[in-house]
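Structure, as structure tokens:
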Amino acid sequence: MIRSNAHAIIIGINRYRNNRIDNLCCAAQDAREFYGLMTDPRTGGIPPENALLLIDEQATYQKIRSALGNTLLPEQQNKEAVFIFFAGYGSLVDAGESGWQPLLVPYDADPDNLLESALNFEEIAGFFKFMSAREVICIFDCSFAGPPGGRSLITPAAPQEINPGDSIAASLAGEGRVVICACGDSETALEFPNSGHGLFSYYLLEGLQGAADNDRDGAISIDELYKYVYSNVSHKARRYDGNMHPVRRGSLRGRSLVARYDVAGAESAQAVKRRIYELYSRAAKAHKEGDIRVVEDLMQQVLAIHPGEEKARQILKLVEKKRSHTGSKPTPQRPPEKTPKAPERRRSASLPETESADTGHIADPPPPQASPADLSRQPAEEYPESLPEQAAEAAAEVEIEHPAQAVDHHAPAKAEEADEISPEELIGEVEEDHPEAEAETAPEESAPGWKRWFRRFSYIALFSAAAILIYVPFLNRNEELQIFEMLPKTFRPLRAEPVKVPMEAMKVILKKYDFYERDWNPGGKGFTNKLEPVFGADLVIDFAAMLMWQKSGSDQPLRYEEALAYVEELNRSQYYGYRDWRLPTLEEALSLLEPRRNARGGLNISHLFDPTQRWIWTADDESSRRKWTVSFYDGFCYPNDVRYKEFYVRAVR
């Protein structure tokens with residue numbers, strides 16, 4: 001894709017001349033990678049001679065202003081499009097009668113006189129009045145107010161909370177001009193040092209490399225890009241107790257393409273990245289269960305895929321330390337196994353969530369995405385002993401799924417939820433189990449005889465008490481199942497047969513049952529479930545709806561045809577003795593949606609369910625290619641394309 005008549009002005013500022021302005025960590029890298037993508041003939045297609053990159057000391061007030069004038073003003077006619085990207089500090093000052101004025105802070109800004117030394121939006125709007133370009137797309141990874149830290153430059157004269165409506169983005173937007181800001185007017189744009197990017201820019205760049213391509217046609221429109229960025233940024237910021245809701249204002253004529261990408265290459269790199277993530281997830285689970293040999297085997301598989309994965313090497317060193325204490329033999333290395341497609345019967349376990357989750361009906365929750373688009377062409381399920389350097393880099397990028405902290409430059413953000421274990425936490429847990437010096441305990445035989453017998457008697461008594469506590473409930477573990485099977489199923493309040501549900505029909509369903517749905521029925525009280533877990537089984541029974549649910553479900557998001565195969569395998573293997581498992585209808589799935597988040601996993605679903613399955617497929621059609629899905633992360637339902645999208649399965653009967 002070559003756009004010989006498109007132009008770009010790309011600005012990234014980490015270091016500022018005035019030492020009273022704290023340095024940023026990732027703004028320059030954001031700009032460099034955006035420049036690389038936009039000037040790549042396979043993605044953005046802008047000729048390098050038409051793209052200006054200003055980094056740190058190059059991004060002075062005068063140079064930025066000159067770049068805008070030279071690019072936008074009529075001396076050069078018939079420009080197809082102009083992209084303006086800014087990563088750095090934003091700020092806000094009182095401009096008197098003009099009210100609060102948003103600013104882009106250049107390298108040479110004076111914090112005591114920002115109104116004169118920073119680029120205000122009135123100046124930029126003045127260039128737009130006489131621009132010769134057919135369309136302009138402005139992307140700002142900065143914030144103008146909000147809590148201190150992040151990419152907001154807060155001064156004594158600037159407020160931390162404002163409510164100007166659409167004034168910041170709308171002041172530049174209009175017909176043929178789109179403005180996308182990293183967050184709302186009173187929010188802070190965060191940085192993630194572990195990823196090397198601002199949170200907004202990370203998903204912006206990932207989206208441009210193919211992740212935002214909703215219809216998988218190899219082309220990314222401004223609508224697709226914004227939906228993808230909004231979905232992931234708002235979700236990830238909430239996980240770190242922040243608020244970021246990217247804002248878009250303005251409109252373009254027709255479907256404006258931002259970038260193209262290699263579909264096959266992106267999907268191949270995504271498979272590599274997902275495989276590494278899966279291995280870390282399995283290792284975290286194995287470590288919880290105390291199976292260090294499995295942890296070692298899985299880390300060897302990670303290194304076989306990506307030899308440069310330092311985390312895996314660290315974990316192996318800690319495993320070796322464990323072996324020195326226990327005297328166990330090392331696990332022999334073996335070729336990495338292929339990813340199994342058939343579902344496994346398992347107990348509920350809290351695993352790390354997959355790549356990004358959806359947070360709004362405007363965008364579909366994507367699986368962990370690959371980057372860059374032109375990386376490894378390895379088949380999706382082949383994992384050779386070593387990969388090309390580019391594929392290894394793609395695999396290493398899985399680290400963003402476990403950022404150590406969301407940086408506001410002043411305080412670390414909250415750690416991951418307790419039930420989600422990152423590779424870093426896995427290492428930390430192994431370290432705790434293997435202290436450098438452990439207190440030595442005397443052998444039992446060294447104690448006097450009466451103490452030895454007393455200790456043994458105590459062990460026997462404790463063991464007997466534990467056996468009674470465990471065995472008595474075990475005798476009645478099928479009580480809930482027996483009751484459920486005895487009750488008649490002829491009358492069930494919710495529809496069990498799949499049907500076509502257009503958008504308007506979905507709204508009728510919400511009102512009929514007063515289901516909670518974040519956008520269409522936020523005041524809904526939700527279905528009154530009567531949930532009972534089945535002791536010793538991965539099952540939850542709802543006696544109000546007379547339904548039996550999987551407590552967990554599929555370990556990974558699946559495409560729709562894979563979801564059907566998953567359910568078929570449940571029935572073939574007679575999962576817990578039943579052969580009538582199926583995907584739920586939209587009504588049945590919505591019945592699990594609760595207005596309030598639970599304390600265990602932070603989801604809009606009962607804590608009795610595994611938090612891994614954050615969004616699930618249903619059996620109901622919205623159109624010939626779209627099935628309804630339900631998100632328990634944000635409490636909404638939305639139809640998604642069965643050809644490209646991946647969601648979890650929670651089967652019901």
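The values are calculated or read from the model by the stated rules, or taken from the named source; none is laboratory data. The shown structure was predicted, so the numbers you read here are calculated from the model rather than taken from an experiment. Note: ideal-geometry Cβ built from the backbone for every residue, glycine included; neighbour counts use all protein chains shown. These area figures cover heavy atoms from the full protein model, side chains too; ligands, DNA and RNA do not enter into them. Shrake-Rupley method; radii C 1.70, N 1.55, O 1.52, S 1.80 Å.
Scanning region 96-122 for residues that are open to solvent by less than 40 Å² (accessible area, probe 1.4 Å) and assigned to a strand (DSSP E or B) yields a total of 6.
Restricting attention to region 14-44, report how many residues are open to solvent by less than 10 Å² (accessible area, probe 1.4 Å), of a type in the set (A, V, I, L, M, F, W, C) and assigned to a helix (DSSP H, G or I). Of the residues in that region, 5 qualify. On inspection, ALA264 fails the criterion of being assigned to a helix (DSSP H, G or I), out of contact with any Ser or Thr (no Cβ under 7 Å at 6 or more places or on another chain) and modelled with pLDDT of 75 or more. When restricted to residues that are aromatic (Phe, Trp, Tyr) and in contact with a strand residue (DSSP E or B) (Cβ under 8 Å, 6 or more places away or on another chain), region 105-124 contains 1. Consider region 190-213 and keep the residues that are charged (D, E, K, R) and more than 14 Å from the chain's Cα centre (by Cα). The one that is farthest from PRO41 (Cα to Cα) is GLU191.
Looking at the structure I just gave you, is TYR226 modelled with pLDDT of 85 or more and buried (at least 23 other Cβ atoms within 10 Å of the Cβ)? So TYR226 fails the test.
What residue, among those in region 574-594 that are in a loop (DSSP other than H, G, I, E, B) and open to solvent by less than 50 Å² (accessible area, probe 1.4 Å), is farthest from PHE527 (Cα to Cα)? Steps first, answer last, please.
Initially, region 574-594 is screened for residues in a loop (DSSP other than H, G, I, E, B), giving 574, 578-581, 583-585, 591-594.
Now drop any that are not open to solvent by less than 50 Å² (accessible area, probe 1.4 Å), which leaves 578, 581, 583-585, 591-593.
Numbers: TYR578: 26, TRP581: 22, LEU583: 19, PRO584: 15, THR585: 15, SER591: 5, LEU592: 7, LEU593: 8 Å.
Across region 574-594, the extreme among qualifying residues is TYR578.
ILE11 meets each of the listed conditions (1) touching a Phe, Trp or Tyr at 6+ places or on another chain (Cβ under 6 Å); (2) of a type in the set (Val, Ile, Thr); (3) assigned to a loop (DSSP other than H, G, I, E, B) apart from (3). Taken over region 536-552, the criterion of being in a strand (DSSP E or B) and in contact with a Phe, Trp or Tyr (Cβ under 9 Å, 6 or more places away or on another chain) is satisfied by LEU539, VAL540, ILE541, ASP542, MET548, TRP549, GLN550. Entry remark, region 507-540: residues being closer than 24 Å to SER554 by Cβ, modelled with pLDDT of 90 or more and open to solvent by less than 10 Å² (accessible area, probe 1.4 Å) number 4 in total. Can you tell me which residue among ILE220, ILE180, ILE139 is in a strand (DSSP E or B), over 28 Å from CYS25 (Cα atoms) and at pLDDT 85 or above? Only one candidate qualifies: ILE220. Hey, among the residues in region 271-327 that are farther than 27 Å from LEU558 by Cα and hydrophobic (A, V, I, L, M, F, W, C), which one's surrounded by the most Cβ atoms within 10 Å (Cβ to Cβ)? For region 271-327, the residue satisfying everything is ILE315.
Yes or no: region 206-213 includes at least one residue that is on the phi > 0 side of the Ramachandran plot, assigned to a helix (DSSP H, G or I) and modelled with pLDDT under 90. Can you show your working first?
Applying the first criterion (on the phi > 0 side of the Ramachandran plot) to region 206-213 yields 210.
This time we only want the ones that are assigned to a helix (DSSP H, G or I), so: 210.
Narrowing further to those that are modelled with pLDDT under 90: 210.
Yes: region 206-213 contains one or more residues that are on the phi > 0 side of the Ramachandran plot, assigned to a helix (DSSP H, G or I) and modelled with pLDDT under 90.
Does at least one position in region 556-567 carry a residue that is farther than 14 Å from TYR648 by Cα, among the β-branched types (Val, Ile, Thr) and in a helix (DSSP H, G or I)?
Keep residues of region 556-567 that are farther than 14 Å from TYR648 by Cα, which gives none.
Taking every residue of region 556-567 in turn, none turns out to be farther than 14 Å from TYR648 by Cα, among the β-branched types (Val, Ile, Thr) and in a helix (DSSP H, G or I).
The sole residue among VAL93, VAL82 that is farther than 23 Å from ALA31 by Cα and not in a loop (DSSP other than H, G, I, E, B) is VAL93.
Just one of the numbered conditions (1) more than 30 Å from TYR644 (Cβ to Cβ); (2) at pLDDT below 85 is not true of MET299: (2).
Look at PHE474 and say whether it is modelled with pLDDT under 70 and under 19 Å from SER606 (Cβ atoms). If you could, list the steps in order and put the result at the bottom.
Numbers: modelled with pLDDT under 70: yes; under 19 Å from SER606 (Cβ atoms): no.
In short, no.
Counting only residues that are open to solvent by 30 Å² or more (accessible area, probe 1.4 Å) and either under 20 Å from the mean Cα position of the chain (by Cα) or of a type in the set (S, T, N, Q) (or both), how many does region 600-610 have? Walk me through how you get there before you give the answer.
First, the residues of region 600-610 that are open to solvent by 30 Å² or more (accessible area, probe 1.4 Å): 600, 607-608.
Next, from what is left, pick out any that are either under 20 Å from the mean Cα position of the chain (by Cα) or of a type in the set (S, T, N, Q) (or both): 600.
Going through region 600-610 one residue at a time, the tally reaches 1.
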